[in-house]
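To start, the structure under review is shown below, and the notes come after it.
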């Protein structure tokens, strides 16, 4: 029955492609069986909407008159420092960047109400952004200071470029200590007072294609409300981890680097986010279409939350000290029930990733494909798989003499 | 008929020093549970109460407060969720000590049950997109 991406695109063009979400395919495959479902369904859409810290955007503001060279100088956007180590008017703003005068954790837990993630959200929303630059001045770029409003609609480029997003599975966070801790996994109460998790589970892109058989470099995706592409594997991509029989990683494994035109995106799908006591980040919406090229590929997309296990990590003791120990494994179906049993205790659970928004993304992407607005792309190169030998290395620290 | 409501009382500066709330118990046989009390920098007194009793007496008590110059709002007008910003992630669910956030098991959307809110404010800073707002 093998189909090709070109054949599926032909059907999309004719308006006859059968597109369903990664949630809907579960019931379809249960009712019809894998074989029949794989014949009938052409595309399964996935979605995820959660805080993704390694997100950022690069901008080209256009040249001022007289000219100024940001490179080697200092630039801020709404007081948040942007990276200015590039050519004259290119900038990069990272989601975790904070204004110089933010008190951070001086009074713990710091609030982190505004940072790079919020600047990116406001750019996408079309709001004016205050740019302040100081430079050293050269013969060809004489200006030393620039203060101006900029707006995404007026600048040359605004490109979202996230170097690690859409993690394939992730730690489930708990706290065994005697005090509340404030982490990137949210507020964790003392003595296993709560457990936080962050994944779209059965809807999550890489959990529906666990061996990266269809998602590769060049795959066109839903990104922040617009379209984008998989640019590379994400940093810390770590395919060779323990997996279930169906291939689902039981630890954080693969990740994607993604890129897309911020001018097409919307603040509904890129939300500036504040983690109390930790910092700022960006909540990103990503949806990846999975072409059903074979029964095997369809089989992977039928994964359910009870088949996905997450490792519970102690963020008070083990995580900060880079210890690989875990407190236990729980399924996402258990986590979504609101309570899990851990160390003989019933612990309430909460999610940091929005499942309803993930469903919405999968449905938007489904609609785009079904209505012929979005065609699938053939990856130009695969993501490194289990056999690649890539491992996630700790820093080899060598003290300076 | 018995009623129980969560209300916010604003005491203007001129009556901040008068004994007012105790009359609710003495004259109208109402029970009150103080959830929060403070004086703002403008020296306005602010009291968040759960007030309960017989409907008739409750109404009289409220009239008494209003006639004395106390401005009354329901707590649900003061603690609100910015629906534009809420992403329904659910981070608030285990933060709230009174169970005012509930995940709908079918849609996975988070419902804010403001009748359960005790105005502690813990959700304000713990909400990642900062969707919870307090307007006293």
Can you find a residue that is assigned to a helix (DSSP H, G or I), at pLDDT 95 or above, under 27 Å from residue A:198 (Cα atoms) and out of contact with any helix residue (DSSP H, G or I) (no Cβ under 7 Å at 6 or more places or on another chain) anywhere in the range A:369-378?
no
Filtered residue count, the range A:181-206, keeping only those that are under 20 Å from the mean Cα position of the chain (by Cα), facing another protein chain (nearest Cβ under 9 Å) and in a strand (DSSP E or B)
2
Any residue in the range A:107-126 that is within 14 Å of chain B (Cβ to nearest Cβ), in contact (Cβ under 8 Å) with a residue 24 or more places away in the chain, out of contact with any strand residue (DSSP E or B) (no Cβ under 8 Å at 6 or more places or on another chain) and farther than 30 Å from residue A:311 by Cβ?
yes
Can you say whether residue A:274 is assigned to a strand (DSSP E or B), within 18 Å of the chain's Cα centre (by Cα), farther than 16 Å from residue A:207 by Cβ and at pLDDT 95 or above, as far as the supplied structure shows?
yes
The residue that is nearest to the other protein chains (Cβ to nearest Cβ), considering only those in the range A:161-180 that are surrounded by fewer than 24 Cβ atoms within 10 Å (Cβ to Cβ) and within 22 Å of residue A:108 (Cβ to Cβ), is A:180
Residue in the range A:139-149 that is without any contact (Cβ under 8 Å) to a residue 40 or more places away in the chain and either within 28 Å of the chain's Cα centre (by Cα) or within 28 Å of residue A:224 (Cβ to Cβ) (or both) present
yes
In a strand (DSSP E or B), away from chain B (no Cβ under 14 Å) and under 23 Å from the mean Cα position of the chain (by Cα): does that describe residue A:59?
yes
Regarding the range A:5-21, can at least one residue be identified that is within 23 Å of residue A:138 (Cα to Cα) and out of contact with any strand residue (DSSP E or B) (no Cβ under 8 Å at 6 or more places or on another chain)?
no
Any idea how many residues of the range B:65-75 are over 24 Å from residue B:113 (Cα atoms) and surrounded by 17 or more Cβ atoms within 10 Å (Cβ to Cβ)?
2
Every listed condition ((1) crowded, with 18+ Cβ neighbours inside 10 Å; (2) free of Cβ contacts under 8 Å to residues at least 12 places away in the same chain) holds for residue A:242 save (1)
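The values are calculated or read from the model by the stated rules, or taken from the named source; none is laboratory data. From a predicted model like this one, the values you see are computed outputs, not experimental measurements. Quick reminder, even Gly has a Cβ in these numbers, built from the backbone with ideal geometry, and neighbours come from all protein chains shown.
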